[in-house]
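S.K.: Here it is, the structure, as structure tokens.
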Amino acid sequence: MKIDRFEEIESWKGARDLTSEIYRMTKKDGFVRDFGLKDQIQRASVSIMANIAEGFDSGSKRNFILFLNYAYRSASEVQSLLYVTLDCNYITQNEFEFAYKKATDIKNLIGGFIKYLRK
């Protein structure tokens with residue numbers, strides 16, 4: 001199956017969903033006043049989407065893989081920051097687990113895509 005637009009990439013779709021969830025969580029009381037953490041986790045989640053899109057249009061398979069690696073690392077950053085939000089009691093355990101799993105799923109999709117592109 002040929003992918004014509006970055007919006008068709010499953011990991012990008014998942015990153016979009018995760019970003020929506022992160023933005024929803026950061027509107028909660030307490031979290032909304034922690035500007036530094038709020039900004040960092042929002043930017044990390046947006047970075048996943050942006051790097052997948054940018055890589056798709058980078059012009060080469062090698063560059064696309066490079067950008068997918070950036071996206072993968074941004075997903076790891078989101079996971080790390082989720083611990084901070086949990087420890088600060090900005091989110092519930094269930095919210096943490098939901099978002100963490102979503103980031104893990106995205107990382108799995110990105111990793112599989114990288115393997116596919118390397119063939």
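S.K.: Is one or more of the residues making up region 1-18 crowded, with 17+ Cβ neighbours inside 10 Å, at pLDDT 95 or above, of a type in the set (Val, Ile, Thr) and assigned to a helix (DSSP H, G or I)?
M.R.: No; the residues of region 1-18 include none that is crowded, with 17+ Cβ neighbours inside 10 Å, at pLDDT 95 or above, of a type in the set (Val, Ile, Thr) and assigned to a helix (DSSP H, G or I).
S.K.: Considering only region 45-68, I want to know if a residue exists there that is in contact (Cβ under 8 Å) with a residue 24 or more places away in the chain and of a type in the set (Lys, Arg). Walk me through how you get there before you give the answer.
M.R.: Taking region 45-68 and keeping what is in contact (Cβ under 8 Å) with a residue 24 or more places away in the chain, we get 45-49, 52-53, 56-57, 61, 64-65, 68.
Going one step further and asking which of them are of a type in the set (Lys, Arg), we end up with 61.
Looking through region 45-68, at least one residue is in contact (Cβ under 8 Å) with a residue 24 or more places away in the chain and of a type in the set (Lys, Arg).
S.K.: Condition first: out of contact with any Ser or Thr (no Cβ under 6 Å at 6 or more places or on another chain) and basic (Lys, Arg). Now tell me which residues in region 33-69 satisfy that.
M.R.: Within region 33-69, ARG33, ARG43, LYS61, ARG62 qualify.
S.K.: How do the pairs read when you match residues in region 75-93 that are over 17 Å from ASP29 (Cβ atoms) with residues anywhere that are small (Gly, Ala, Ser) and assigned to a helix (DSSP H, G or I), using Cβ under 7 Å and keeping only pairs 6 or more apart or on different chains?
M.R.: That search, which allows pairs on different chains as well, returns ALA75/ALA103; GLU77/ALA44; VAL78/ALA44; VAL78/SER45; VAL78/ALA103; GLN79/ALA103; LEU81/ALA44; LEU82/ALA99.
The values are calculated or read from the model by the stated rules, or taken from the named source; none is laboratory data. Just so it is clear, the model here is predicted, and its values are computed rather than measured. Heads up, the Cβs are rebuilt from the backbone with ideal geometry, glycines too, and the neighbour counts pull from every protein chain shown.
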